[in-house]
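The values are calculated or read from the model by the stated rules, or taken from the named source; none is laboratory data. All values derive from a computational prediction rather than experimental measurement. Cβ sites come from the backbone with ideal geometry, for glycine too, and all protein chains shown count toward neighbours. Surface areas here come from the heavy atoms of the whole protein model, side chains and all, with no ligands, DNA or RNA. Shrake-Rupley method; radii C 1.70, N 1.55, O 1.52, S 1.80 Å.
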Amino acid sequence: MLYWLGAFALTWLFRIPEPFVFNVNQTIASVWGIALLIATLGFSQWLYAQVAIHEERPFNLVGTPIFIIGNSLGETLAFLLVFKCGAAIGTWLVNLVGLTGIPFHLLVFGSGFFTFLIYGGAIHGLFWMRIFPPHFREDEWARRIRKFRLWSESALSFSWCLTFYVFEDFWSVVFFHAIVDTVLMLRVRPRIFRFASQGVSSGPLKLV
């Protein structure tokens, strides 16, 4: 929760405008924009569903809506902040060399996207994978599928960054991020935000 609250605080501190503007119509009207979001989401989640397992953990009735709502909003804000930070650095660099037009936009977007990829890999490797239980199948088919997950997640990240950059659309990414989080909670069923008894005689409940 502190991770999400930190993203909200930074959004307010830096007065990031995208969360307060509803540009979903622009993304949908472009056709290619929404098609790219759907295609990259479908491919990445199909791959994920092939390899992720819950090992008979019960469905997390309490934690699922908390995680989906909190993470789709909070982490998407973090993603937006990181992308804009990278794009700002790219803008500064290309202005130094005097680039304009298409090269300007390619390098600015590329800088934001590269920063997004670094952050996305770091936060999942150092943070989320420590919270979630081991949840990948190890059979031969799963190992083959997992080779493509890096590319599918990169393509998904690309579509999200492009939505941020071209359409300045925050809420479409929130919606697609919520679908990703829903698949995760259904397939993995982590015990995050789950009320569980500490023991028969210990009395109080804890949130784990």
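Calculate, for His124 and Ile38, the FRET efficiency according to 1/(1 + (r/R0)^6) with r their C-beta to C-beta distance and R0 25 Å; round to the nearest 0.05.
For R0 = 25 Å, the calculated efficiency reads 0.65.
Working out 0.36 nm times the residue gap between Trp92 and Phe20, then minus their Cα-Cα distance, what length gain in nm do you get to one decimal?
23.4 nm
Just to be sure I understand: with springs between alpha-carbon atoms less than 10 Å apart, which residue in Val173, Val82, Val31 has the highest mean-square fluctuation in the Gaussian network model of the chain?
Of Val173, Val82, Val31, the most mobile in the Gaussian network model is Val31.
Give the Rg (one decimal place) followed by the Dmax (whole number) of the range 1-109, computed from C-alpha coordinates and expressed in Å.
18.3, 58
May I ask you to give the solvent-accessible area per residue for the chain, in square angstrom, as obtained with a 1.4 angstrom probe?
It amounts to 56 Å² per residue over the chain.
Once the Cα atoms of helix 2-13 and of the chain are each reduced to a long axis, what angle between those two axes, in degrees from 0 to 90 to the nearest 10, is obtained?
Long axis of 2-13 versus the principal axis of the chain: about 30 degrees.
So the label point goes 7 Å from the Cα of Asp139 along Cα→C-beta, right? Which residues of the range 50-70 then have their backbone N under 14 Å from it?
Taking a point 7 Å out along Cα→Cβ of Asp139, the residues of the range 50-70 whose backbone N falls under 14 Å are 50-55.
Pick from Leu96, Leu77, Leu47: which is most flexible by mean-square fluctuation in a GNM of the chain where alpha carbon atoms under 10 Å apart are linked?
Leu96
At 4 °C and 1.567 mPa s, what whole-number value in µm²/s does Stokes-Einstein give for the translational diffusion of the chain, with Rh from the Kirkwood sum over Cα pairs?
Approximately 70 µm²/s, per Stokes-Einstein.
If you keep only loop residues by DSSP, which chymotrypsin sites (Phe, Trp or Tyr not before Pro) in the range 1-77 have at most 12 other Cβ atoms within 10 Å of their Cβ?
Those satisfying the criteria are Phe14, Phe22, Phe59.
In degrees, nearest 10, range 0 to 90: what is the angle between the Cα axis of helix 149-167 and the longest Cα principal axis of the chain?
Taking the Cα atoms of the chain, the angle to 149-167 is about 50 degrees.
Tilt of helix 32-51 relative to the longest C-alpha principal axis of the chain, in degrees (0 to 90, nearest 10)?
30
Using a basic spin-label model with each label point 7 Å from the Cα along Cα→Cβ, how many nm lie between Arg57 and Ala9?
The modelled label-to-label distance comes out at 2.8 nm.
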